[in-house]
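Here's the structure we're looking at; comments come further down.
The values are calculated or read from the model by the stated rules, or taken from the named source; none is laboratory data. Because the structure is predicted, anything quoted here is derived from the model rather than measured. Glycine gets a Cβ as well: all are built from the backbone with ideal geometry, and neighbour counts include every protein chain shown. Areas reflect the complete protein model, heavy atoms only, side chains present, ligands, DNA and RNA absent. Shrake-Rupley method; radii C 1.70, N 1.55, O 1.52, S 1.80 Å.
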Amino acid sequence: MHTGSAKAGRNLAGRREWIGVCVLSIACLIYSMDLSILFLAIPAIVADLDPSASELLWINDIYGFMVAGFLVTMGTLGDRIGRRRVLLIGAAAFGVASALAAFSTTAQQLIVSRAFLGIAGATIAPSTLSLIVNLFNNDAERNRAIGIWGTAFALGGLIGPLLGGFLLQYFHWGAVFLINIPIMFILLIAAPILLPEYKSEDGARLDLLSVLLSLATVLPIIYGFKHVAADGFDIRHLLPIGGGLVVGWLFLRRQKTLPDPLIDLKLFALPAFTASLLVNLAGMFFVFGVFLYQNLFLQFVLSLTPLEAALWSVPSSIVFTVMSLQAYRFTNHFGPVRTILLGLVINSAGMLLMSVAAYCESLFGVLGATMVIAVGFVPVVLTTTGLIVGSAPPENSGSASAISETSAEFGGALGIALLGSLGTLIYRMLMDGVNVAGLDAAERAAVKTTIGGAVETARALQDSAVPAWLEAARQSFSMGFASCCLLATVTLLVLAVMARKIYARENINEQTVASAH
């Protein structure tokens with residue numbers, strides 16, 4: 001890992017490297033946009049292709065599943081055959097898959113095209129991050145470059161729905177995919193000029209059985225947790241999760257026996273790597289889970305329309321984007337460890353504010369707490385990402401980048417599923433004794449099961465007076481939301497104490513010497 005002051009002062013990057021970062025970041029922007037831009041196009045796709053309920057679910061989810069499943073494989077493949085080469089192959093495939101998706105004439109064709117898009121998209125995050133690490137030898141510059149890289153992902157989430165709404169206003173729904181093609185074309189032209197190639201010296205081949213085992217580990221687990229989040233806890237959803245864990249155990253056993261494993265398990269023996277991975281995963285876990293609650297809170301408790309909720313969320317999205325661009329200043333000034341610890345404390349304070357705001361059902365309180373969370377969360381995630389890839393040997397930076405991204409995918413899925421299940425459990429317990437007289441059995445079940453069911457039941461009654469049980473439902477949901485935020489508050493503080501001890505044992509430099517300034 002690059003931590004010494006002498007090292008920090010040498011090998012400053014030039015214009016070519018910074019232009020290269022911008023090109024890589026544009027690719028990340030498109031990758032991030034494709035995770036969210038489809039949501040607005042769903043009504044038009046339903047009208048045009050008439051998918052079944054199951055097909056519609058797969059149209060939505062297959063991209064994220066394929067990205068999560070292939071991240072490790074693509075990251076390691078980049079280490080073996082060249083990170084720039086894998087990025088270029090992925091960019092070309094992404095453009096082709098975008099065209100296929102745009103001109104799909106059946107739901108099945110769109111599902112296959114989205115799956116192909118996900119596999120191609122899995123090349124982008126690990127390849128771009130590992131190339132950035134290779135481009136910058138100076139600590140301060142690398143922190144800034146990773147901040148730009150992270151900003152692209154934040155912007156993608158912000159711009160995706162806005163751009164999608166504009167395109168859908170004037171063009172066919174396929175336009176949301178066609179915008180990918182010119183960007184990937186630019187990447188194909190610029191990358192060979194701006195980005196040098198990096199790959200491992202031994203050039204070992206991929207173990208195909210390990211690739212299959214990794215897919216059979218990640219995909220069922222992500223699938224199971226997504227369904228827990230969408231449908232509530234059900235024993236059926238534990239089957240794919242359990243199956244994935246069993247295959248994961250077989251995968252790890254095989255990695256120990258291979259001379260060139262798909263994942264080098266020695267990376268997890270590095271305290272800086274493991275601690276940063278744990279902090280990164282926990283940050284994603286709580287932020288994704290709490291933000292799911294926030295979106296439901298704005299619409300179901302405060303009765304905002306989806307458009308109003310989106311507009312009210314823009315200021316906090318801007319804070320996320322600005323913090324992504326400026327996070328390197330904190331890392332360079334305070335050093336990686338202090339930045340992480342301070343960020344965890346600020347994040348914890350934001351979660352506490354969110355808990356109070358949820359309990360009080362305050363719009364401005366929730367939005368203000370979101371901004372505080374952004375101030376703490378973004379530097380933590382970007383700094384831990386830098387430590388994860390920086391602590392790995394150079395020949396394994398692609399694999400380390402992929403592990404970091406896979407950890408983020410798992411953290412987000414786990415947070416949405418587990419915190420969602422906890423909130424649902426609290427909601428049902430609080431609603432158990434609520435008087436719902438006058439409703440039939442189906443309506444009573446809907447009201448007492450979820451806040452969405454309660455709101456829809458009240459809307460169907462078309463009564464000008466707000467039912468007492470709807471107010472109780474909103475309060476119950478708010479209590480579940482507040483409880484999850486309190487859990488996040490305590491856990492993040494405990495994590496800060498644990499991380500401090502691990503980083504102290506590793507003796508990671510507290511202060512990065514930013515002589516590039």
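Scanning the stretch 464-478 for residues being assigned to a helix (DSSP H, G or I), open to solvent by less than 70 Å² (accessible area, probe 1.4 Å) and not hydroxyl-bearing (Ser, Thr, Tyr) gives a total of 6. The condition (being among the polar types (S, T, N, Q), at pLDDT below 85 and either open to solvent by 40 Å² or more (accessible area, probe 1.4 Å) or touching a helix residue (DSSP H, G or I) at 6+ places or on another chain (Cβ under 6 Å) (or both)) is satisfied by just one residue among Thr106, Thr128: Thr128.
Taken over the stretch 159-184, the criterion of being of a type in the set (S, T, N, Q) and open to solvent by less than 50 Å² (accessible area, probe 1.4 Å) is satisfied by Asn180 alone.
When the stretch 37-79 is limited to residues that are of a type in the set (Ser, Thr, Tyr) and assigned to a helix (DSSP H, G or I), the one that is surrounded by the most Cβ atoms within 10 Å (Cβ to Cβ) turns out to be Thr76. Does Val319 satisfy the criteria of being part of a helix (DSSP H, G or I) and open to solvent by 70 Å² or more (accessible area, probe 1.4 Å)? Considered against the rule, which asks whether it is part of a helix (DSSP H, G or I) and open to solvent by 70 Å² or more (accessible area, probe 1.4 Å), Val319 comes out as no.
Within the span defined as the stretch 262-280, one or more residues are outside any helix (DSSP H, G or I) and crowded, with 21+ Cβ neighbours inside 10 Å. Taking the listed residues Gly368, Gly350, the one that is open to solvent by less than 10 Å² (accessible area, probe 1.4 Å) and either in contact with a helix residue (DSSP H, G or I) (Cβ under 9 Å, 6 or more places away or on another chain) or not polar (S, T, N, Q) (or both) is Gly350, with no other qualifying. Filter the stretch 80-92 down to the residues that are under 21 Å from Ile37 (Cβ atoms) and either open to solvent by less than 20 Å² (accessible area, probe 1.4 Å) or among the hydroxyl-bearing types (Ser, Thr, Tyr) (or both) and list them by number. Gly90, Ala91 - these are the residues of the stretch 80-92 that are under 21 Å from Ile37 (Cβ atoms) and either open to solvent by less than 20 Å² (accessible area, probe 1.4 Å) or among the hydroxyl-bearing types (Ser, Thr, Tyr) (or both). The selection criterion, being touching a helix residue (DSSP H, G or I) at 6+ places or on another chain (Cβ under 8 Å), closer than 22 Å to Thr123 by Cα, assigned to a helix (DSSP H, G or I) and open to solvent by less than 20 Å² (accessible area, probe 1.4 Å), does not hold for Gly244. Within the stretch 384-413, residues that are within 13 Å of Ala272 (Cβ to Cβ) have Cβ atoms under 8 Å from residues that are not in a helix (DSSP H, G or I) in these pairs: Leu387/Met1; Leu387/Ile508; Gly390/Met1; Gly390/His2; Ser391/Met1; Ser391/Leu270; Ala392/Leu270; Ala400/Ala392, counting only partners at least 6 apart in sequence or on another chain. All conditions but one from (1) open to solvent by less than 10 Å² (accessible area, probe 1.4 Å); (2) over 18 Å from the mean Cα position of the chain (by Cα); (3) aliphatic (A, V, I, L, M) apply to Val389; the one that does not is (2). Residues considered: Ile183, Ile193, Ile111. Of these, the only one that is touching a helix residue (DSSP H, G or I) at 6+ places or on another chain (Cβ under 9 Å), under 26 Å from Phe288 (Cα atoms) and part of a helix (DSSP H, G or I) is Ile111.
Ala99 - would you say it is surrounded by fewer than 23 Cβ atoms within 10 Å (Cβ to Cβ) and modelled with pLDDT of 80 or more? Criteria met by Ala99.
One residue stands out among those in the stretch 430-445 that are under 19 Å from Phe481 (Cα atoms) and not in a loop (DSSP other than H, G, I, E, B): the one that is modelled with the highest pLDDT, which is Leu430.
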